[in-house]
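Any read-out appearing in this document is the output of simple, stated calculations on the displayed coordinates, not a laboratory observation. These figures come from a predicted structure and were not determined experimentally. Quick reminder, even Gly has a Cβ in these numbers, built from the backbone with ideal geometry, and neighbours come from all protein chains shown.
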Amino acid sequence: MRITSFTIFNQVTRSLQENLRKMGIYSDRLTSGKRINKPSDDVSGMSNAMDYKVNLNEIEQYKRNINDALGQLEFTDTIMSSVFVQIDAAMGLTTQASNGVMTPEGRASIAVEVSNLRDEVIRLSQTTFKGRYIFSGYKTDTMPFDDSFAYQGNSGEINVLIDRDSTMAVNIPGDEAFSVGGETIMEILDNLTAALEDTSSDPVTIRDTISAFLTQLDNAIDQISNVRANVGAKIKRLEDQQSSLDDRNLSYNTLLSNAQDTDIADTVSEIAKIQVALESLRASGSKVISQSLLDYLR
């Protein structure tokens, strides 16, 4: 079969078009930094990249949940630490007041201090975080305790998703945080205040009554310590989960980069090869066209 100049010209043209197409692809990769800019570039790679992105988005949501949970739990621990300080102060005052030689005036002075501690515990129990009461269970818009120290919330735990199949309660209901042996800490302090203000009973009875509160206050301190230990364990678990999510985030980002990012050195090398091929085709095309013109002139 005779190969005409026209046939050669068509082959050169097709080669030019193909190399220009490749040049466009590699130029896009170099400009965008991405190996995959549309699904047709690599259907399987695009599918993998989308899967990695879904996982990365999930991880980011879990990390946001954990950050919010850590904020509330750390704040809760701060509040319970303050409650502990109030009870510890009440313990010291009660020890002082249980001394048999304490005068009624001295006990009255201590009663004022204990009532102030009670009021501070009430204030702490009413703490809000981001506009919500943290000790009311699910009833975050309801004040946890009323004026008679009765619990107005519920025992509901507010759970947040910290992984695909893992949740954690980020609140401590007030009936757990502030209750000791069927009484609230505020009730204990209020009853202690009344005992300190008592002037009608004999000194021995007053002394024994006040001394009995030491056990209740000690139990309250134990309860607060248990609550703080529970909160601390939750914080530790969240921090461990946060670290695990950071590791997974790095792994998925590496996989995503491998799936879609451009190898700059390889891309530049391919562009250089295509430029050489285009220059060669240009020279070949020019020669074919020149030869065709000469044949025509003859």
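Ordered by the number of other Cβ atoms lying within 10 Å of each residue's own Cβ, fewest first, VAL170, VAL101 fall into the sequence VAL101, VAL170. Plugging the Kirkwood radius over Cα pairs into Stokes-Einstein for segment 62-257, at a temperature of 37 °C and a viscosity of 0.692 mPa s, what D comes out in µm²/s? It diffuses with D of about 177 µm²/s by this estimate. Stretching the chain fully between ALA89 and LEU161 yields a gain of 22.1 nm (0.36 nm per residue, less the alpha carbon separation). Amide H to amide H distances under 5 Å link ILE162 with THR167, MET168, where only residues 5 or more positions off or on other chains count and H is placed in the peptide plane.
In sequence order, segment 76-88 has phi-based couplings of 4, 4, 4, 5, 5, 5, 5, 4, 4, 4, 5, 5, 4 Hz under the Karplus curve 6.51 cos²θ - 1.76 cosθ + 1.60, θ = phi - 60°, and Gly or Pro positions carry x. With neighbour counts taken as other beta-carbon atoms within 10 Å, the residues THR142, THR215, THR76, THR209 rank, fewest first, as THR215, THR142, THR209, THR76. Separation of segment 113-132 and segment 223-253, taken as the distance between their Cα centroids, equals 28 angstrom. Among the listed pairs LYS53/LYS130; LYS63/LYS236; LYS53/LYS139, a Cα-Cα separation exceeding 25 Å is found for LYS53/LYS130; LYS53/LYS139.
Residues ILE206, ILE185, ranked from the fewest to the most other C-beta atoms within 10 Å, line up as ILE206, ILE185.
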